[in-house]
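Read through the structure below, which is laid out as structure tokens, and then see the notes.
The values are calculated or read from the model by the stated rules, or taken from the named source; none is laboratory data. Since the structure is predicted, the reported quantities are computational estimates derived from the model, not experimental observations. Cβ placement follows ideal geometry from the backbone for every residue including glycine, while neighbour counts extend to all protein chains displayed.
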Amino acid sequence: MPEPIATPPPRRVAIVTGASRGIGKAIALRLAKEGRHVVLVSRSAAPLADLQSQIQSTGGAASVKAVDVGDGPALATAIEEIATEQGRIDILVNNAGITRDGLVLRMSDEQWDEVLRVNLTSAFVACRAAARPMMKNRFGRIVNISSTSGVVGNAGQANYAAAKAGLAGLTKSIARELGSKGITANVVAPGFITTDMTENLPQEVKDKVTSMLAVPRLGTPEDIAAAVAYITSDDAGFLSGQILCVDGGMTMC
């Protein structure tokens, strides 16, 4: 009698916010390469069309969800829609973020509130919305993309550093609350990465940064994506509540 044909496991569904460029785009491409169905999230769907096509052209699976992560109710609704449309949520990568830099004495309440809303509150809202479908399947991988600014602080970025530091406390609390349900939560804190935000820095600044690193080069979005790929894998089930600084040894955290 022939052996029954095994049913392949369902493709894991990964949500990546801020997926239109830079680190978010690299994470989306890497997770698609790892066989995930990647839901690309950004404020507008238009910038994601090329990325979706790129993933699909290589045999990957991707869909697009347009939502402003700074709009909490809209974000929660979008996460719920994804869970319904895909039938599951396995991986959540909160990567979307903005900067509104300025010295503390000159920083407005609006600059403070906007950065906290987009960089920290949106992660809380997304984690809360994604937790229920993850609990249902007793599997989940949550990764919050922070920054070394949230570890050591940075002059002129009090709002940004506070939001990124807040992600650590949020993530550790989620790790403790949901670990018994098969859900892990971790932080990845990039250092100086070659993105649009760092591209226009003067060369002397880049050289100074590089001279402080144990690995004497600036990081790439792909360096961050590789770390996220491991943390979100089935092999990382015993890794939770951690801050992984992918920064070339700058902070040694």
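Summary of computed values
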item: Cβ-Cβ under 8 Å pairs, at least 6 apart or on other chains, the stretch 221-236 side farther than 13 Å from Leu31 by Cα, far side of a type in the set (Phe, Trp, Tyr); result: Ala236/Tyr230
item: Leading residue by the ranking (surrounded by the fewest Cβ atoms within 10 Å (Cβ to Cβ)) among those in the stretch 98-119 that are free of Cβ contacts under 8 Å to residues at least 40 places away in the same chain and closer than 14 Å to Gly70 by Cα; result: Glu110
item: Hey, Ser122 crowded, with 24+ Cβ neighbours inside 10 Å, hydroxyl-bearing (Ser, Thr, Tyr) and not in a helix (DSSP H, G or I) or not; result: no
item: Leu51 being in a helix (DSSP H, G or I), in contact with a Lys or Arg (Cβ under 8 Å, 6 or more places away or on another chain) and within 29 Å of Asp235 (Cβ to Cβ); result: yes
item: Any hit, the stretch 62-69, residues being without any contact (Cβ under 8 Å) to a residue 12 or more places away in the chain and under 24 Å from Leu178 (Cα atoms); result: no
item: Complete set of residues in the stretch 169-219 that are surrounded by fewer than 19 Cβ atoms within 10 Å (Cβ to Cβ), of a type outside the set (Asp, Glu), modelled with pLDDT of 95 or more and assigned to a helix (DSSP H, G or I); result: Gly169, Lys172, Ser173, Arg176, Gly179, Ser180, Lys181
